[in-house]
Structures are given as C-alpha cells and as structure tokens.
1. Could you grab the pairs with beta carbons closer than 8 Å, sequence gap of 6+ or different chains, first residue in segment 268-284 and farther than 19 Å from Met77 by Cβ and hydroxyl-bearing (Ser, Thr, Tyr), second one modelled with pLDDT of 90 or more and part of a loop (DSSP other than H, G, I, E, B)?
2. Can you confirm whether Tyr275 is within 14 Å of the chain's Cα centre (by Cα) and either buried (at least 20 other Cβ atoms within 10 Å of the Cβ) or over 25 Å from Phe169 (Cβ atoms) (or both)?
3. Given the conditions (1) crowded, with 17+ Cβ neighbours inside 10 Å; (2) touching a Phe, Trp or Tyr at 6+ places or on another chain (Cβ under 8 Å); (3) farther than 16 Å from Lys258 by Cβ; (4) modelled with pLDDT of 95 or more, which single one is not true for Ser112?
4. Regarding segment 425-439, can at least one residue be identified that is part of a loop (DSSP other than H, G, I, E, B), surrounded by fewer than 24 Cβ atoms within 10 Å (Cβ to Cβ) and modelled with pLDDT of 95 or more?
5. I need the helices (runs of 4 or more DSSP H) fully contained in segment 19-69, keeping only those with at least 3 residues that are free of Cβ contacts under 8 Å to residues at least 60 places away in the same chain.
6. Of the residues that sit in segment 181-197 and are among the β-branched types (Val, Ile, Thr) and out of contact with any Leu (no Cβ under 6 Å at 6 or more places or on another chain), which one is surrounded by the fewest Cβ atoms within 10 Å (Cβ to Cβ)?
7. Within segment 335-384, which residues are aliphatic (A, V, I, L, M), open to solvent by 10 Å² or more (accessible area, probe 1.4 Å) and touching a Pro at 6+ places or on another chain (Cβ under 7 Å)?
Amino acid sequence: MLLGSIHIQAQNKYRVYFTDKNGADYNPYEYLDCKAIERRFIHHLPLCDSSDYPINENYLTQVQLLADSIYGTSRWMNAVFVYASNDGISDISKLPFVREIENVTQPISALSSASSELSNNATSSYDTSLSSDQLKLIEAQVLRLGGDKLAAAGLDGKGVRIAILDVGFKAYLSNPAFFEIRKRNGIVSTRDFVKGKANVETGMLHGTQVFSCVGGSVNNHKFGLATGADYLLARTESYGEFFNEEENWLMAAEWADKNGADIINSSLGYTFQRYLPEQMNGKTAFVTRAAQFAVDKGILVVLSAGNEGESSWKRVTAPGDAAGALTVGGIDPSTGIHIGFSSYGPSWDKRLKPEVTAYGRALVASKNGFATAEGTSFSSPLVAGFAACLKQKYPDITNTKLKEIICQSGDLWPYYDYAHGYGVPQPGVLKPDTTTSVEQFDIVEDSYSISIFP
C-alpha cells in the first residue's frame, strides 16, 4: 500500500523553472545575516544578485492554482517544486513565464553515505567514561589531522559558522558531546526541511554522529577540531519520504547561506537509485548543481566521497562530484591507507575526486553514549573541522583559496591518486602567506548603497 502510494506521487512530481523575477522586491540587509553579507564582501559578490531575489509571487500563485500542492521553492534556481496531475502540469507548461519543467520520476532510494555503527557503550543514562580503545581512537582521529598543532596555535574554529545538512540530530540536546557548544549557545539556528519545523532532534542519529566529528568533545577529549565554532543544523532526509531529499538539500543550502554559513558539511550521497555513473560529471545531478551554487556563494562545501568502493558503482557519489566542493575520502586508522568502502575517483569527466582523506572509522556521539562507526560520513566532518580552524586563522580567505590550501596541505602533495587524493591535510606545512591579498580599501556598490571598508 505504501509503495503504491509513493509510486503515484513520484509520477506526478515536477520542478517548474521560471523565466524571470520581474517585480520581486529584495533588501539584502533585511534578508541576509550579517555574516552572509560579510562573506559576500570577502568574495566581492554583489549584495543584490538576482539569484537572491525571491521568486515572483504572482507566478507562484498562478502555479498554485493549477497544481495539486506545492512542496517548496528555490530562489537560487528560480523554481517551484510541485505535485500535479497530467492535466495540471500541461496547463502549467503553457504559462508564459514557465521556462522549463522537470519530471521528477525516480525510484525509491537510500542514503549511500549512511554510517554503520560497530560498537556502542550505550546505557540507560550517559556514561562519559571511555575505554582504552575508545581513547586511542578519539585521540588518533584528531591527531592525524594535526589537532595538537592547531590547539597549540589556539585554533578551534571560533568565529566560524558551520552548517550541517543531514538525516536528523536525535539526542543532540542531551548528549554530553555537545555540552560545551550548548552552554555557550553555539547552535545558532536549526531547521527540519522534512517537516517544516525548527526542531531537528528527530529522524536518525546520523546527523548527531556527524556533528560530533566536527566539534564534539567530552572530558577534554575532542571528537572533532571545531569545538569553538558556531553551528546551523538542518535535517534534509527522511527514510519515509524518498522523493524530496535533493530539493530539501537545496533549500537547506539556501537557508545556510542566508544565515551566514562559512562552511557546509554534508555526509549524504545519491547513486544508482536515481543516477548513472556517467552522470557524476559535476553538472547533471540536481543536488550536485545545488552544491555548486553554494560554492558560488562563497561557502566552502565539504562532502563525503561515498561508501561505494566495494560495490559495482565504485566512484564518488552526488553531490561529491561537484567541481567546487571539497570531497573527502576515508582511510583505515589501523593501516593509514584507503579503507575498502571509500568511493574512488575520478569524477566521470576526469577531475580529481576525492581531493583529501581522513579517518573513515571514528568514535562518535551515539544515542546514550559513544560508539565506533564507519563511513566517509565521518571523514568529511573531520576535515570540515580542520577547515574551520584554518578559516579562523585566515578570516578574509575565500572558499576557493581555502580549498586550495587544504589540498596543498595534504601529506601526499603534490602527488595524488584516486583513492587518497592529496592525502590527509596537515597544519604543519602551511605557510604564512596563505591569506588572500587585501587592498587598503574595498568599495562595493549596489543599487542601495556604496560601502567602503578596510
């Protein structure tokens, strides 16, 4: 019964793209967080870019009259996501302001980058003690990325805002791994794009596990490197709704941009359930295009390579094929080299992917305690935390320069392969001239104002 209902829904879902945004009203100082404005200044991006304008309300109203329902909208892509009958979508296609319609017919899918939990010390209440094996792993996963050197330099991601797009963040409000972050009000905002609510303490534990690998800590032991960063948490996935994931991802990325994210981490991926290997070209997958849009807004987008290394798919998963994203593969803590499940590069159009690697097995926060888990889901947030530390040190750096520095800091640089990229990022090889050159004054003009700043 459920599968039949889902099948009918999938046949009638569409992405409707508009021709223009004529008449749309937009004030960047009302819409954008001050950190989003600051990011645009750093990247010399206009404050009044057409992609930031809202979609035309009149267009939306006319489509709404013809559609069965509207699921969401996108400013960046000037699109509305609808469910409609055949007659309804035919009528919508005849509207003069409709540029293109995509029929989103796709089979049921699952997360290709979901983790597998290997062991758990969970009890009826939180036990913050760690076994000797857990201590070794939690220390190693940050030391492998030069965590001791970053800490000695006073770098913990302070002042950097990180958005995490995931399946859900169950128990994050009570898990002791996030006590210090909660204590200082380091969670800036949350949004569930599945249910349309603010509460993200729902869905799966996967997001909680990922969050811990970015900035969690317990008893002075760090799970991740960005313990001083601020966070935006977005739930974009549901195991009960398989058709809106990529649109949710796009809407969450727009929300993260609006709310001033410097970095997005996403440990999600899509493969054969809806795409072909030759479509991993950085241009085809909807979620990949969404990730590249976020990159173009000046956000460093850090993505898991995927867990397809031992499957017939083999290669990186969408959105990890996005050209501007930093895609992260996994290595085995016990061997220091490629962990079997980690997806291989290159992208279908022969670009280097993944660019870097980190541990694909890590100690993570779990429902009632801590657990050892596997997946490139965890190598990605470990690198995102590393990136936040560098962003703290060089606050005026662009996302493209930051990505370049991280790649060049890899312990294999300038050599690379399609399993390890440039290797594991290291802070010790960074040079003091890595900041972007800044003129004495910058002048930014738009239709509202002229801004002069140092």
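1. Listed pairs, sorted by first residue: Thr271/Gly306; Thr271/Glu308; Thr271/Trp313; Thr271/Thr317.
2. Numbers: within 14 Å of the chain's Cα centre (by Cα): no; either buried (at least 20 other Cβ atoms within 10 Å of the Cβ) or over 25 Å from Phe169 (Cβ atoms) (or both): yes.
Judged against the criteria, Tyr275 is not a match.
3. Result: Ser112 passes all but (4).
4. Our first condition is that a residue be part of a loop (DSSP other than H, G, I, E, B); within segment 425-439, this holds for 426, 430-431, 435-439.
Filter again for surrounded by fewer than 24 Cβ atoms within 10 Å (Cβ to Cβ), leaving 426, 430-431, 435-439.
Checking which are modelled with pLDDT of 95 or more leaves us with 426.
Yes: one or more hits.
5. On the way: elements: 28-31, 34-42, 57-66.
Filter on segment 19-69 gives 57-66.
6. Taking segment 181-197 as the starting set, the residues that turn out to be among the β-branched types (Val, Ile, Thr) are 181, 187-188, 190, 194.
Imposing the further condition that a residue be out of contact with any Leu (no Cβ under 6 Å at 6 or more places or on another chain) reduces the set to 181, 187, 194.
Numbers: Ile181: 22, Ile187: 18, Val194: 21.
For segment 181-197, the residue satisfying everything is Ile187.
7. If the condition is that a residue be aliphatic (A, V, I, L, M), open to solvent by 10 Å² or more (accessible area, probe 1.4 Å) and touching a Pro at 6+ places or on another chain (Cβ under 7 Å), then Leu352 is the only one that fits.
Residue-by-condition table, conditions (1) part of a strand (DSSP E or B); (2) surrounded by 16 or more Cβ atoms within 10 Å (Cβ to Cβ); (3) in contact with a strand residue (DSSP E or B) (Cβ under 7 Å, 6 or more places away or on another chain); (4) not small (Gly, Ala, Ser):
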residue: Thr128; (1), (2), (3), (4): no, no, yes, yes
residue: Gln134; (1), (2), (3), (4): no, yes, yes, yes
residue: Leu137; (1), (2), (3), (4): no, yes, yes, yes
residue: Lys149; (1), (2), (3), (4): no, no, no, yes
residue: Leu155; (1), (2), (3), (4): no, yes, no, yes
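The values are calculated or read from the model by the stated rules, or taken from the named source; none is laboratory data. What you see is a predicted model, and the numbers here were worked out from it, not measured in a lab. Heads up, the Cβs are rebuilt from the backbone with ideal geometry, glycines too, and the neighbour counts pull from every protein chain shown. Keep in mind that these areas ignore ligands, DNA and RNA; they rest on the heavy atoms of the full protein, side chains included. Shrake-Rupley method; radii C 1.70, N 1.55, O 1.52, S 1.80 Å.
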